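First up is the structure itself, then whatever we jot down about it.
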């Protein structure tokens, strides 16, 4: 299935929810779907935005490179711009986006207590 508009909400949500220990909800109200691992947010989907956007946690050096090299990637909208990026889901970065979701999840998991990390990683 090819779409000019990129991945859709259902695909992004399903992919993020497939990460171990992930929960979702609307702690900030409608329109901002938060995806969390062990209570810590790793992704925020503006599910009422057109086009859809997703904000992801990111290493500061990587965030700078991504923002400089992809028009669809901007510093985090209403977030710490050093540690978050906001990606416009317009089809231009679909090949990379799922990997960026994984990276964001991994960054959050890396900050959890060792016992929790081991449990999530099956170790």
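Here are a few things to note about the model shown:
- Overall form of the chain per C-alpha gyration tensor (a/c, 1.5; a/b vs b/c): prolate
- Three-way shape label, the stretch 17-76, alpha-carbon gyration tensor, a/c 1.5: oblate
- Calculated FRET efficiency, residue 110 to residue 50, Cβ-Cβ distance, R0 = 30 Å: about 0.35 to the nearest 0.05.
- The mean sequence distance of close C-alpha pairs (under 8 Å, at least 6 residues apart), as a share of the length of the chain, puts its relative contact order at 25 percent.
- Distance in nm between pseudo-label sites at residue 18 and residue 121 (7 Å out along the Cβ direction from Cα): 2.1 nm
- Label-point separation, residue 68 to residue 10 (7 Å along Cα→Cβ), nm: 4.0 nm
- Taking each residue as 0.36 nm, the span from residue 28 to residue 90 lengthens on full extension beyond its C-alpha to C-alpha distance by 19.9 nm.
- Residue separation of residue 102 and residue 81 scaled by 0.36 nm, minus their Cα-Cα distance, works out to 5.6 nm of gained length.
Values in this text are rule-based calculations from the coordinates and carry no lab data. What you see is a predicted model, and the numbers here were worked out from it, not measured in a lab. Every residue, glycine among them, receives a Cβ derived from its backbone with ideal geometry; neighbour counts consider all protein chains shown.
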